[in-house]
Structures are given as C-alpha cells and as structure tokens.
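Here the structure comes first, spelled out in structure tokens, and everything after it is commentary.
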Amino acid sequence: MVRLAVGYPDRDAEADVLARRLARRREEAPVRTVVDAATLLAMQAGVEAVHVDPDVVGYCVDLAAATRSHDSVEVGASPRGSQALVLVARALAVLSGRNFVAPEDVKTVAVAALAHRITLTPATWAAGVAAEDVVREVTARVPTPATTREDRR
C-alpha cells in the first residue's frame, strides 16, 4: 500500500545485527507477541470507523488524477492510489487520536502512497527528478479542501 525508506543502519548497528545472529546459532529469531488476533481485528475495525468527508474523498481523487496529467509522468496513479490515500490517511487519523480524516493527513501520506505508483517519462527520469518530487509538487498544486465539515456528521 505504501513504500517507506528506512535507510541503512550505521556500522555499529549492522555489526550488532550480525553478532546477534551468530549468537543465536540459527536463522530463526524469536519474535515477541505485540498484539493478539482479537486486538488486531479491533484495531482494524477502529480504522474502518474513521469518518472521511466527501470533500476529502474528492481531494484524494484529485491528487491521483493530477499525477495522470502531470507533464513529467508517463503513467499516473490508478484508482488504487486514491484508495491508498484514503486508507493510510484513516490510519494516520487514528494515530493522531481523531475519528475523522483531515486534509493534512492526506498530504502527510501522499508521497508514501503515490510515489511508487507513478512512472516518470524517460526525460524526467534522466534529468534526475524523483517520483517523490512530482507527488510533492502535485500536493502543493491541487487545492486543499477548506474543511472536513465534521459538524455535518
């Protein structure tokens, strides 16, 4: 659904990864349970309950459509891109303690949700422009909804 870059560990951290693997003397690593299945299902239901105003839905559609008509893009984000915007923005709203998606949530997740879904033109790629740059430009250019109109709920 999203592409995130976490980078590489520094030298000491990478050496620690190797040392821990050698100390285990096996490939499998013990993994501590963080959440049980029932809690995970409840968390998923909580995200599904987050309100998305029609203006915010339209904003997600407009952002994805803007990638399709951008001069630097050969193939823009499909409707799955706009769907990813809505779904990830809902999760961000929950993490922010809200039961509604704000337009800023969509802006925050746009690069992670859309950049890997577009194909740049060969000339754009050769010029060193990144898909992330194009998505940032699109989010700056597409008008942001003025409100989530949560008072209408």
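The values are calculated or read from the model by the stated rules, or taken from the named source; none is laboratory data. Since we're looking at a predicted model, the values are computed, not measured. When we count neighbours, we look across all protein chains shown, and the Cβ atoms used for this are built from the backbone with ideal geometry, even at glycine. Side chains included, ligands, DNA and RNA excluded: accessible areas come from the protein's heavy atoms. Shrake-Rupley method; radii C 1.70, N 1.55, O 1.52, S 1.80 Å.
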**Asked** Which residue out of GLU137, GLU74, GLU132, GLU104 is at pLDDT 95 or above, in contact with a strand residue (DSSP E or B) (Cβ under 9 Å, 6 or more places away or on another chain) and either hydroxyl-bearing (Ser, Thr, Tyr) or farther than 19 Å from ALA49 by Cβ (or both)?
**Response** GLU74
**Message:** Report every pair of residues separated by at least 6 positions or lying on different chains whose Cβ atoms are under 7 Å apart, first residue within the stretch 68-86 and open to solvent by 20 Å² or more (accessible area, probe 1.4 Å), second in a strand (DSSP E or B) and among the β-branched types (Val, Ile, Thr).
**Reply:** GLU74/THR119; VAL75/THR119
**Message:** Can you tell me which of (1) surrounded by fewer than 16 Cβ atoms within 10 Å (Cβ to Cβ); (2) in contact with a helix residue (DSSP H, G or I) (Cβ under 7 Å, 6 or more places away or on another chain); (3) without any contact (Cβ under 8 Å) to a residue 24 or more places away in the chain is the one THR108 doesn't meet?
**Reply:** (1)
**Message:** For the structure I just gave you, tell me whether SER96 is in contact (Cβ under 8 Å) with a residue 12 or more places away in the chain, of a type in the set (Ser, Thr, Tyr) and open to solvent by 20 Å² or more (accessible area, probe 1.4 Å).
**Reply:** no
**Asked** When you look at THR39, is it under 29 Å from VAL94 (Cα atoms), under 29 Å from the mean Cα position of the chain (by Cα), surrounded by 10 or more Cβ atoms within 10 Å (Cβ to Cβ) and of a type in the set (Ser, Thr, Tyr), yes or no?
**Response** yes
**Complete:** VAL135 meets each of (1) under 19 Å from SER78 (Cα atoms); (2) over 14 Å from the mean Cα position of the chain (by Cα); (3) open to solvent by less than 40 Å² (accessible area, probe 1.4 Å) with one exception, condition (2)
**Message:** Give me the helices (runs of 4 or more DSSP H) completely within the stretch 1-86, filtered to those with at least 3 residues that are more than 25 Å from ALA102 (Cβ to Cβ), ordered by residue number.
**Reply:** 11-24, 37-48
**Prompt:** In the stretch 108-122, is there at least one residue being in contact with a Lys or Arg (Cβ under 8 Å, 6 or more places away or on another chain), more than 16 Å from ALA140 (Cβ to Cβ) and not in a helix (DSSP H, G or I)?
**Reply:** no
